[in-house]
Amino acid sequence: MKKIKYIIFTGTLFMSVVGYSQDTLIIAKSDLIQKLADQNLQLKIADKTYRSAKADYHQSNALFLPNINVSYTGISTTNPLMAFGSKLNQEVLTASDFNPALLNDPVKTQNFATKFEIQQPLLNMDGLFERKAAKSKMEAFQLQNQRTKEYLELEVSKAYMQLQLAYRAVKVLEKAAATSTSNLKLVENYFKQGLLQKTDLLNVQVRVNEISNQLHYAKSNVENASDYLAFLLNEDLKGKIYKPTEQLENAISVEALNTSLSDNRKDIQAMTKSAEAYVTLFQSSKMAFLPRLNAFGSYELFDRNFIGTSAKGYTVGAQLSWTVFDGYKSIGKFEKAKAESQKATTEKEQYKAQSQLELNKTNRQLKDAENKVNLSQLAFEQSQEGYRIRQNRFTQGLEKTTDLLQSETQMIQKELEHLQSVFEYNFTKQYLQFLTK
């Protein structure tokens, strides 16, 4: 009978291991960055935003390149002016066409015209500054994209560490479950021998249930952390979960870090470029009061028959235009551009001040986190020793059941707190590196 039970147990264990391996995807931290760059949706959105700004900049090429149009028009008219002009363009006018009767009441006249038009900007000062502003805007989005990628690399690293922490918590609580089960067997034996009361047995059973419930929540946290990591990597787990190849370490590595804010940080550079764009637009609004010089030309083919080219002519010229007054429109645009440029400059200064504030705060948090790790490690070691002593005394009948349970609870709590403090220190260190990058 024992052999049959052993076979059943072994088969069940084998099936659970196979099922676990099928539902678990092993993932290394070194694979995250490439997956993030290739698959993250936020990065794809940021890239499309940059491409949109780049397209706006490309539109400003029209400031230097010609605008060329080709048209083909066919008309049939009895309008006196149109009919006379069509014949004139076709070079088919005769003396009889000047007959007043025909001039006033012409017969139906057809005209087919092919026209090639070219417009070439020569001097548009406001357009030059608008092009410069578009370039600054494009560069700002490019820098912001790079900063977004750096932020998401930090976020995916945090998610990976959270997954490591969740697995360590499961491991701690599984060990606690085994310990509490062992204590329950010991208490049951003592109870059967009449050495303990029913209340002691009930207290241990309650503790076993508490550990089981905590273990259930810890496993749910593994799934939550896995789902969030999958969201960042834009992957469909389809009922599976991630498992990190590296475990969360119990100790930390203290090293000297850069603690000063740099103007070369990508987001600060992006804010600077954005402010430059608004200042340039302000300068463009000033240039709108200056005249514009543009050249134009056309080449035309005329005929009374479809696709005919019996007559032709060209026109070339240049135009100097100057809008003297447009109903306060240009002045209002100038005032708006001035206010927006001042606003952008102020926002940049505010952002730098906020960044410095966040950096100062994070520097203090890192020191606090290091101190917390050291204290939590000491507390965990002390709680381990306290539990060992109480467990030995309990087996000798020298400790109460409630004292043993309290010591066990404290030991588990201190171990989880220590792991949490290690996670907080590691993330704070990475966040500080992100702020000074």
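The values are calculated or read from the model by the stated rules, or taken from the named source; none is laboratory data. Only a predicted model underlies this, so the values are computations on that prediction, with no experimental measurement involved. Heads up, the Cβs are rebuilt from the backbone with ideal geometry, glycines too, and the neighbour counts pull from every protein chain shown. When the accessible area is computed, the model is the full protein with side chains, heavy atoms only, and any ligands, DNA or RNA have been set aside. Shrake-Rupley method; radii C 1.70, N 1.55, O 1.52, S 1.80 Å.
Annotations
- Percent of beta bridges antiparallel (DSSP, the chain, rounded to nearest 5): 90 percent
- Applying both filters, DSSP loop and at most 14 other Cβ atoms within 10 Å, to the chymotrypsin sites (Phe, Trp or Tyr not before Pro) of segment 17-91 gives Phe64.
- When only Cα pairs below 8 angstrom with a gap of at least 6 residues are kept, segment 332-437 shows a relative contact order of 38 percent.
- Among the protein heavy atoms of segment 343-420, carbon and sulfur supply 47% of the accessible surface, probe 1.4 Å, non-protein parts ignored.
- Rounded accessible area of Asp200 (nearest 10 Å², 1.4 Å probe): 30 Å²
- Charged-residue dipole, Cβ positions (Lys, Arg, Asp, Glu), segment 17-174 about Cα centre, Debye nearest 20: 500 debye
- Remark: the Ser71-Thr49 segment gains 4.4 nm on full extension, using 0.36 nm per residue and subtracting the alpha carbon distance.
- If R0 is taken as 41 Å, the Cβ-Cβ distance between Asp263 and Leu290 corresponds to a FRET efficiency of 0.75.
- Candidates per chymotrypsin sites (Phe, Trp or Tyr not before Pro) in segment 283-335, loop by DSSP, up to 15 other Cβ within 10 Å: Phe289, Phe306, Trp322, Phe325, Tyr328
- Each residue of segment 211-226 was assigned a 3J(HN,Hα) from its phi angle through the Karplus curve 6.51 cos²θ - 1.76 cosθ + 1.60 (θ = phi - 60°); the sequence is 4, 4, 5, 5, 5, 4, 5, 5, 5, 5, 5, 4, 5, 5, 5, 5 Hz, with glycine and proline shown as x.
- Cα pair count fraction exceeding 25 Å, expressed as % - segment 23-131: 63 percent
- Carbon and sulfur %, accessible surface of segment 227-298 computed with the full protein complex present, 1.4 Å: 52 percent
- Stokes-Einstein translational diffusion, segment 278-323 - Kirkwood Rh over all Cα pairs, 0.890 mPa s, 25 °C, in µm²/s: 174 µm²/s
- In the elastic network of the chain, a GNM with C-alpha springs shorter than 10 Å, the most mobile of Pro291, Pro66, Pro100 is Pro100.
- Loop-located GluC sites (Glu not before Pro) in segment 250-323 (DSSP state not H, G, I, E or B) with no more than 11 neighbouring Cβ atoms inside 10 Å: Glu255.
- Full-extension gain in nm, Ser298 to Glu358, via 0.36 nm per residue minus C-alpha separation: 15.4 nm
- Note on segment 339-418: Cα-Cα pairs beyond 22 Å make up 55% of the total pair count.
- Placing unit charges on the Cβ atoms of the charged side chains and taking the dipole of segment 217-371 about its Cα centre, the candidate lying farthest along the positive direction among Tyr328, Asn250, Val222 is Tyr328.
- Segment 360-421 - accessible surface per residue (Å², probe 1.4 Å): 59 Å²
- Per residue, segment 299-350 exposes an accessible area of 78 Å² to a 1.4 Å probe, with every protein chain left in place.
- Nearby aspartates and glutamates by direct alpha-carbon distance to Lys348 (threshold 18 angstrom, same-chain neighbours under 8 apart not counted): Glu139, Asp263, Asp267, Glu276, Glu340, Glu358
- Within the straight-line cut-off of under 18 Å between alpha carbons, the lysines reachable from Lys158 are Lys29, Lys35, Lys149, Lys243, Lys429, Lys437, sequence neighbours fewer than 8 places apart in one chain being disregarded.
- Average silhouette area of segment 122-249, convex hull of alpha-carbon atoms, in square nanometres: 13.6 nm²
- Sulfur and carbon atoms: percent of accessible area, segment 95-187 [1.4 Å]: 57 percent
- The orientation-averaged projection of the convex hull spanning the C-alpha atoms of segment 216-298 amounts to 15.5 square nanometres.
- Phe231 versus Gln319: modelled label distance in nm, points set 7 Å from Cα along the beta carbon direction: 5.6 nm
- When only the Cβ of Lys, Arg, Asp and Glu is charged (+1, +1, -1, -1), the dipole of the chain relative to its Cα centre reaches about 620 debye.
- Whole-Å semi-axes of segment 62-121's equivalent ellipsoid (Cα gyration tensor): 33, 11, 9
- Which label in (i) 30.4; (ii) 22.5; (iii) 39.9 gives the computed mean projected area of the Cα convex hull in nm²: (iii)
- When Rg and Dmax are taken over the Cα atoms of segment 287-437, they come to 39.6, 122 Å.
- Listed residues Ala288, Gln119, Ala46: farthest to the positive end of the dipole of the chain (Cβ charges): Ala46
- Degrees separating the helix 329-395 axis from the principal Cα axis of the chain, which is the longest one: 10 degrees
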